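The structure appears below as structure tokens.
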Amino acid sequence: MGARQYVQKEWRLLSWWLATYHPHADISMNVRLGPVTPTLPLSAYTTAEGNMQRVRNRWADAVFVESGAPTIVEAKLEPDPGIFSQLLHYARKFRADPGFSALSHMPLTLVALVYNDDPSVAVEAPWYGVRWEVFQPNLSGFPPAATRANPLSTADAPLALRQDWPARLQTWGINALAGH
């Protein structure tokens, strides 16, 4: 559960930043980038099948177009140097993506959006042509992420496995112990 909450905080950070600084942009989040790598000739696919082939493609946290200029954003709470290679990879995929062919000739802005600044990583951003953005809204005021299930009550949980658990598994067709 902890990793999911971390991702949700990154999405909150990104959403808040986009709403604050780019409210009028055409924004897409969690965008699959790159051309389809078909296993069959493209003419053999229906549109739906072609879209399913995109599942293999990598995705950027956000792509937005503002005043005709495209921007790719990768958001991290704790940055690491890998953010630059991700953005460069996404830029290459963006340029080859037929869905963005109308924008492929436009200058592309790459943004590393981070919550906690790391000057040892930030110093490299200009070398890669990446704009380093530190954005620190108060994320603690957000309500906790909704969960779909209630946590299990410890009162209902058995304290130990029953003594006959291997026999019970065998009745379900599961061989629990080697040699039995």
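We did not get these values from a lab; they are worked out from the coordinates using the rules stated. The shown structure was predicted, so the numbers you read here are calculated from the model rather than taken from an experiment. Cβ sites come from the backbone with ideal geometry, for glycine too, and all protein chains shown count toward neighbours.
Amide H to amide H, with H built 1.01 Å from N, Glu124 comes under 5 Å of no residue 5 or more places away or on another chain.
Distances between placed amide hydrogens fall under 5 Å for Lys76 paired with Leu113, Val114, Tyr115, all partners being 5 or more residues away or on another chain.
Would you calculate the separation in nanometres between label points at Ala96 and Ser15, each defined as 7 Å from the Cα along the Cα-to-beta-carbon direction? That separation, rounded to one decimal, is 3.3 nm.
In order along region 102-118, phi translates into HN-Hα couplings of 5, 9, 5, 8, 7, x, 10, 9, 10, 10, 9, 9, 10, 8, 9, 6, 10 Hz, rounded to whole numbers, per the Karplus curve 6.51 cos²θ - 1.76 cosθ + 1.60 with θ = phi - 60° and x for Gly and Pro.
Whole-Hz Karplus values for region 61-78 come out as 4, 7, 10, 9, 10, 9, 6, x, 9, x, 9, 10, 10, 10, 10, 9, 6, 10 Hz, taken residue by residue from phi with 6.51 cos²θ - 1.76 cosθ + 1.60 and θ = phi - 60°; glycine and proline positions read x.
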